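For reference, the structure discussed in these notes is given below.
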Amino acid sequence: MTHAPQIRIPATYMRGGTSKGVFFRLDDLPAAAQQPGPARDALLLRVIGSPDPYGKHTDGMGGATSSTSKTVILSRSDSPDHDIDYLFGQVSIDKPFIDWSGNCGNLTAAVGAFAINSGLIDAGRIPENGHCTVRIWQANIEKTIVAHIPITDGAVQETGDFELDGVTFPAAEIQIEFMNPADGGGAIFPTGNIVDDLEVPGVGTFQATMINAGIPTIFVNASDVGYTGTELQGAINEDPKALDMFETIRAHGGVRMGLFGDVAEAANRQHTPKIAFVAPPKGYTASSGKAVKAEDIDVLVRALSMGKLHHAMMGTAAVAIATAAAIPGTLVNLAAGGDDRSAVHFGHPSGTLRVGAEARQVDGAWTVEKAIMSRSARVLMEGWVRVPGDVF
């Protein structure tokens, strides 16, 4: 019996924000995987090591969490208004599918640096020192993102003193602007309401803010679901009943937002929408042991990703938090004190994060021109990934 040899594909393993993933240039992928479809999915699943019934990703590049089971494909953009096209794939850990329905805000921080390092940005656009502005077309949600990449001596600066809670070591700061972040070009509030009563059979009826910014997100009050907003991962992820409750709320919220035809569809679309719970400020000890003081934050937020409480905060969910905080009357805004604000400092399981958004009403409807946050990124490894040649 003969066995297919492994093939190797140029790739870079990068951290972006509090996530990490495997980055590819589109042109470097095998021809069969340069187009969307089963061949591409099969390749990326094998790269990550999914599906893995053991939940460890031992035989792949994934890290067996929603934050580390990610892939990115980049190419030069055909649009004169953008430099690169960015496609993100959230790889399921234990199921054979990749969710292409949303963006990864954290890995967005690494996109500009990868594009510069890979020759996707014209050399004339890169200053000797300062910042290189990279105009990104986010292909999953068809939105513009602008990344400001620090440059030193003509090369991407990765080291620095910017600290990001949820990331162990400091690095260079990268500012990211999410332009007109309502996902998919739809209304910011798909139901037409800032707050809805969301009825969830078998669980209860909750007030909910269902917002479409950065990524579709359902916010509920922590107290309405039996929590304080100071919880760390173990309090949720080690409780199967809690996980089932949040998934049920997410599924019914997704139907109300028009993302699913029925709740059964939620199982095959785990990346969107997100489900999060909020509470007024309260002191707690973060997962690193850092003390977070109530007076140092505006609001507490905990969010789930791919069925588990996130160890920090997804970048796209941070955009949703910033947008909701800027709009009076949302549950996020009320938990933060109900004031008009252009920025919010929120507490998450790993510490705190500051994000901002510019929101205004136009003809009675809310619109957000952009949301801004700072992240960092770093190349962890570069070279080739190898996969069995019979993966397709």
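Could you tell me whether Thr58 is more than 23 Å from the chain's Cα centre (by Cα), within 25 Å of Val167 (Cα to Cα) and surrounded by fewer than 17 Cβ atoms within 10 Å (Cβ to Cβ)?
yes
Which residues, taken from region 357-381, are in contact with a Phe, Trp or Tyr (Cβ under 9 Å, 6 or more places away or on another chain) and of a type in the set (S, T, N, Q)?
Ser374, Ser376 - these are the residues of region 357-381 that are in contact with a Phe, Trp or Tyr (Cβ under 9 Å, 6 or more places away or on another chain) and of a type in the set (S, T, N, Q).
Looking at the structure I just gave you, is Ala42 open to solvent by 20 Å² or more (accessible area, probe 1.4 Å), part of a helix (DSSP H, G or I), touching a Pro at 6+ places or on another chain (Cβ under 9 Å) and touching a residue at least 24 places away in the same chain (Cβ under 8 Å)?
For Ala42, the condition - open to solvent by 20 Å² or more (accessible area, probe 1.4 Å), part of a helix (DSSP H, G or I), touching a Pro at 6+ places or on another chain (Cβ under 9 Å) and touching a residue at least 24 places away in the same chain (Cβ under 8 Å) - is met.
Determine which member of the set Gly347, Gly383, Gly329, Gly364 is open to solvent by 10 Å² or more (accessible area, probe 1.4 Å), in contact with a Pro (Cβ under 9 Å, 6 or more places away or on another chain) and of a type in the set (Gly, Ala, Ser).
Matching residue, one of Gly347, Gly383, Gly329, Gly364: Gly383.
Could you tell me whether any residue of region 71-82 is touching a Pro at 6+ places or on another chain (Cβ under 6 Å), open to solvent by 20 Å² or more (accessible area, probe 1.4 Å) and among the charged types (D, E, K, R)?
Checked against the condition, which is being touching a Pro at 6+ places or on another chain (Cβ under 6 Å), open to solvent by 20 Å² or more (accessible area, probe 1.4 Å) and among the charged types (D, E, K, R), region 71-82 yields no hits at all.
Just to check your reading of the model, which residue among Leu107, Leu198 is touching a helix residue (DSSP H, G or I) at 6+ places or on another chain (Cβ under 8 Å), open to solvent by less than 40 Å² (accessible area, probe 1.4 Å), farther than 19 Å from Val355 by Cα and not polar (S, T, N, Q)?
Leu198
Pick from Lys290, Lys282: which is touching a helix residue (DSSP H, G or I) at 6+ places or on another chain (Cβ under 9 Å), open to solvent by 50 Å² or more (accessible area, probe 1.4 Å) and of a type outside the set (S, T, N, Q)?
Criteria check complete, one pass: Lys282.
Among residues belonging to region 151-173 that are outside any loop (DSSP other than H, G, I, E, B) and touching a Gly at 6+ places or on another chain (Cβ under 7 Å), point out the one that is nearest to Ser376 (Cα to Cα).
Ala171
Specify which of the listed residues (Thr133, Thr144) is in contact with a strand residue (DSSP E or B) (Cβ under 8 Å, 6 or more places away or on another chain), assigned to a strand (DSSP E or B) and free of Cβ contacts under 8 Å to residues at least 24 places away in the same chain.
So the residue among Thr133, Thr144 that is in contact with a strand residue (DSSP E or B) (Cβ under 8 Å, 6 or more places away or on another chain), assigned to a strand (DSSP E or B) and free of Cβ contacts under 8 Å to residues at least 24 places away in the same chain is Thr133.
Go over the candidates Ser92, Ser118, Ser101 one by one and state the one that is of a type in the set (S, T, N, Q) and farther than 20 Å from Met61 by Cβ.
Ser101
Report yes if some residue within region 160-169 is touching a Cys at 6+ places or on another chain (Cβ under 7 Å) and either aromatic (Phe, Trp, Tyr) or over 21 Å from Ile215 (Cα atoms) (or both); otherwise report no.
no
Does region 334-342 contain any residue that is at pLDDT 95 or above and open to solvent by less than 50 Å² (accessible area, probe 1.4 Å)?
yes
When only residues in region 1-30 that are touching a helix residue (DSSP H, G or I) at 6+ places or on another chain (Cβ under 9 Å) and farther than 20 Å from Gly119 by Cα count, which is most open to solvent (accessible area, probe 1.4 Å)?
Per the criteria, the residue is Lys20.
The values are calculated or read from the model by the stated rules, or taken from the named source; none is laboratory data. All figures in this text were calculated on a predicted structure; none of them were measured in a lab. Cβ: placed from backbone, ideal geometry, glycine included. Neighbour counts: every protein chain shown. Surface accessibility is based on the protein's heavy atoms, side chains included, excluding ligands, DNA and RNA. Shrake-Rupley method; radii C 1.70, N 1.55, O 1.52, S 1.80 Å.
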